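The values are calculated or read from the model by the stated rules, or taken from the named source; none is laboratory data. This is a predicted model, so every value here is computed, not measured. When we count neighbours, we look across all protein chains shown, and the Cβ atoms used for this are built from the backbone with ideal geometry, even at glycine. Heads up: the accessible areas ignore ligands, DNA and RNA and are worked out on the full protein's heavy atoms, side chains in. Shrake-Rupley method; radii C 1.70, N 1.55, O 1.52, S 1.80 Å.
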Amino acid sequence: MSDSFAHRLLAWYDTNGRHDLPWHHDRNPYRVWVSEIMLQQTQVTTVIPYFEAFMRRFPDVEALASAPVDDVLSHWSGLGYYARARNLQKAAQQVVENHNGQFPEDLEQLQTLPGIGRSTAAAIIAQAFQRRAAILDGNVKRVLARYHAIAGWPGKTSVLNLLWARAEEHTPKERIRDYTQAIMDLGAMVCTRSRPACESCPLRTGCEAYARGETGLYPGSKPKKTKPEKTTWMVILQDHDGRILLERRPPSGIWGGLWSLPELDPAYGPDELPEACEQAFGFNCGEPALTSGFRHTFSHYHLHIRPARLTVHSSAQVKDAENHRWIHRDKALALGLPAPIRTLLTSPEQSVLL
DNA sequence: GAGACGTGGTC
DNA sequence: TGACCAAGTCT
């Protein structure tokens, strides 16, 4: 039912909303889908340049499906959550092979594609097919939690279910595309996390949190936990030509599918590194030169990185040639080597800014 | 249910 | 400076 909530929101959107984002032009399921995946946990201003470059290189689902995976990853460099890029291409291949190149128009079917969950599927239904579907992203959660004074952290299933129920309730049958954009815009521009602009909010009347003067209490915050500390070796393996070894990281885990300095088990002591390298790569190495380690903070843990530089004595081939490559020192320096954290690559030729 | 997955912005 | 968060999904 399109209640007063939806009407007030749409009236606000008509004069105050964002109507000119790149994915609003030439709107088709492919462009909507790519934008929705890029926008997961990522802000609009960050996404815009990536979206435009991505569309130039992969203008349609066939182009994406048939591209080399390293090419897809290189266009994702710096965006983070690289599983999104891998899933994006897998999904493109499924659309081409199983759906004749056309995106399914059904909520459940969309969710069978990798990387598409309930909210993204609904966003595609609403934005691309203009059919009624309720979304519930971070913006909508905040708006609804405040409007209905829904207490508790939205990560909790019970709270999430309450929010979904309200989202369904407010979603209108008419102007579904605009409504979907409108409620996200309100969350991003007015009903912000800190210092919301309640005085210019079309939903001020009826907002329970505002009436109580308690907008700061909603949505409830996540339970605090101390971040675990992890440690790793990152080795700078150099041969007599000055070349440095890179390793393709496994598809899952941190920086999945990207290239970086090889990592070794932190259980090895400094003295055991030559032996560990011999086992892992097949090289006879000299004594490691250790430089001071540093800490890199991620969403869920602190990573203590210990760089170790070793020189390769034997000129044998690398053991696992498929997943290792040498790059020349000049190139390595240009990429910022040997600072290990700056050596992430989407292919040995391309650097990633971190 | 809880943890993993990234980078950039905010306070 | 560091905790917290952002157009979530997968394991």
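Hey, among the residues in the stretch A:187-207 that are under 13 Å from A:Arg142 (Cα atoms) and small (Gly, Ala, Ser), which one's most open to solvent (accessible area, probe 1.4 Å)?
Across the stretch A:187-207, the extreme among qualifying residues is A:Ser194.
Within the stretch A:17-29, identify whether any single residue is within 16 Å of DNA strand B (Cβ to nearest atom) and more than 20 Å from A:Asn139 (Cβ to Cβ), and answer yes or no.
no
A:Leu217 - would you say it is within 30 Å of A:Leu10 (Cα to Cα), in contact (Cβ under 8 Å) with a residue 40 or more places away in the chain, open to solvent by 20 Å² or more (accessible area, probe 1.4 Å) and hydrophobic (A, V, I, L, M, F, W, C)?
Against the criterion (within 30 Å of A:Leu10 (Cα to Cα), in contact (Cβ under 8 Å) with a residue 40 or more places away in the chain, open to solvent by 20 Å² or more (accessible area, probe 1.4 Å) and hydrophobic (A, V, I, L, M, F, W, C)), A:Leu217 qualifies.
Given the conditions (1) more than 21 Å from A:Ile176 (Cα to Cα); (2) under 18 Å from the mean Cα position of the chain (by Cα), which single one is not true for A:Arg57?
(2)
For the stretch A:257-273, which positions are open to solvent by less than 50 Å² (accessible area, probe 1.4 Å), in a loop (DSSP other than H, G, I, E, B) and either out of contact with any strand residue (DSSP E or B) (no Cβ under 8 Å at 6 or more places or on another chain) or at pLDDT 90 or above (or both)?
First, the residues of the stretch A:257-273 that are open to solvent by less than 50 Å² (accessible area, probe 1.4 Å): A:257-262, A:264, A:269, A:273.
So of that shortlist, the ones also in a loop (DSSP other than H, G, I, E, B) come out as A:257-258, A:261-262, A:269.
Across the stretch A:257-273, the qualifying residues are A:Pro262, A:Gly269.
Just checking, which of A:Tyr179, A:Tyr210 is more than 30 Å from A:Asn28 (Cβ to Cβ), modelled with pLDDT of 95 or more, hydroxyl-bearing (Ser, Thr, Tyr) and part of a helix (DSSP H, G or I)?
A:Tyr210
Please go through the stretch A:238-290 and give me each residue that is of a type in the set (Phe, Trp, Tyr) and away from DNA strand C (no atom under 16 Å from the Cβ), ordered by number.
A:Trp259, A:Tyr268, A:Phe281, A:Phe283
Exactly one condition in (1) open to solvent by 10 Å² or more (accessible area, probe 1.4 Å); (2) touching a Leu at 6+ places or on another chain (Cβ under 7 Å) is not met by A:Ala85; state its number.
Going through (1) open to solvent by 10 Å² or more (accessible area, probe 1.4 Å); (2) touching a Leu at 6+ places or on another chain (Cβ under 7 Å) one by one, A:Ala85 breaks only (1).
Being at positive phi and in contact (Cβ under 8 Å) with a residue 12 or more places away in the chain: is that true of A:Arg175 here? Write out each step before concluding.
Values: at positive phi: yes; in contact (Cβ under 8 Å) with a residue 12 or more places away in the chain: yes.
Yes; evaluated as a whole, the condition is true for this residue.
When you go through A:Ala165, A:Ala128 one by one, which is the residue that is among the aliphatic types (A, V, I, L, M) and more than 20 Å from A:Gly206 (Cβ to Cβ)?
Residue meeting the stated conditions: A:Ala128.
In the stretch A:30-61, what residues are more than 12 Å from DNA strand C (Cβ to nearest atom) and exposed (fewer than 15 other Cβ atoms within 10 Å of the Cβ)?
A:Pro49, A:Glu52, A:Ala53, A:Arg56, A:Arg57, A:Pro59, A:Asp60
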